[in-house]
1. Once label points are set 7 Å from the Cα along Cα→Cβ at both residue 70 and residue 125, what is their separation, rounded to one decimal in nm?
2. With runs of 4+ DSSP H residues as the only contributors, calculate the mean residue ellipticity of the chain at 222 nm using -39,500 (n - 2.57) per run, divided by the residue total and rounded to the nearest 500.
3. For the stretch 88-202, what D do you get in µm² per second when you plug the Kirkwood radius from alpha-carbon pairs into Stokes-Einstein at 25 °C and 0.890 mPa s?
4. I'd like the distance separating the alpha-carbon centroids of the stretch 1-52 and the stretch 130-202, in whole Å.
5. On full extension of the chain, what length is gained from residue 94 through residue 132, given 0.36 nm per residue of separation minus the C-alpha to C-alpha distance?
6. Please report the antiparallel percentage of DSSP beta bridges with both residues in the chain, rounded to the nearest 5.
7. Could you list 16, 97 in order of exposure, starting from the residue whose Cβ has the fewest other Cβ atoms within 10 Å?
8. Can you sort 36, 143 by how many other beta carbons sit within 10 Å, fewest first?
């Protein structure tokens with residue numbers, strides 16, 4: 001996809017702050033500091049549009065970005081960061097969970113993992129949660145530029161197995177630094193957008 005226009009819309013800390021426009025949405029989720037914002041910037045070709053931080057757990061809202069005037073990217077708060085209070089974690093999760101469960105504009109979720117580390121319990125729980133909701137998800141292994149090429153197939157097979165996926169081929173290897181995987185991700189996202197509304201499992 002050719003991104004001609006991309007703009008920040010709103011940082012929403014409550015459901016009533018979500019955009020009211022009935023445009024399709026694609027959400028991005030992953031552990032804190034996995035590189036969600038960096039990958040969004042790479043996909044949109046807009047350096048610095050999605051705010052990145054060296055401090056994990058900084059994002060506490062749902063950040064919406066309008067792409068080509070046609071659909072939204074939604075950056076969800078990162079999960080799994082330990083150095084915040086339990087009440088803060090619960091508040092973040094309540095916001096994200098409510099969005100994933102109830103947002104009718106949502107067409108699918110991009111689930112991002114760091115290729116250098118095996119899936120965490122939180123990663124597996126998120127994948128199971130998305131599956132239970134009937135939400136299509138695209139699994140991305142990011143930061144592949146930091147891993148030797150010979151190690152990548154093994155990492156891909158490991159993640160596919162631990163996350164209960166049918167084949168390693170459905171896992172996309174990507175790097176926000178080099179742009180590797182960007183075209184593959186966009187092909188998958190365009191397919192999801194063209195597929196229309198999701199038939200929920202509940």
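1. The two pseudo-label positions are separated by 3.7 nm.
2. -10000 deg cm²/dmol
3. My calculation gives 162 µm²/s for D.
4. 18
5. Gain in length upon complete extension: 12.0 nm.
6. Among the beta bridges of the chain, antiparallel pairing accounts for roughly 35 percent.
7. 16, 97
8. With the fewest neighbours first, 36, 143 line up as 143, 36.
Each reported figure results from applying straightforward, stated rules to the coordinates on display, with no laboratory input. Everything numeric in this text was worked out from a predicted model, so none of it was measured. Because the Cβ atoms are built from the backbone with ideal geometry, glycine has one as well, and the counts that use them run over all protein chains shown.
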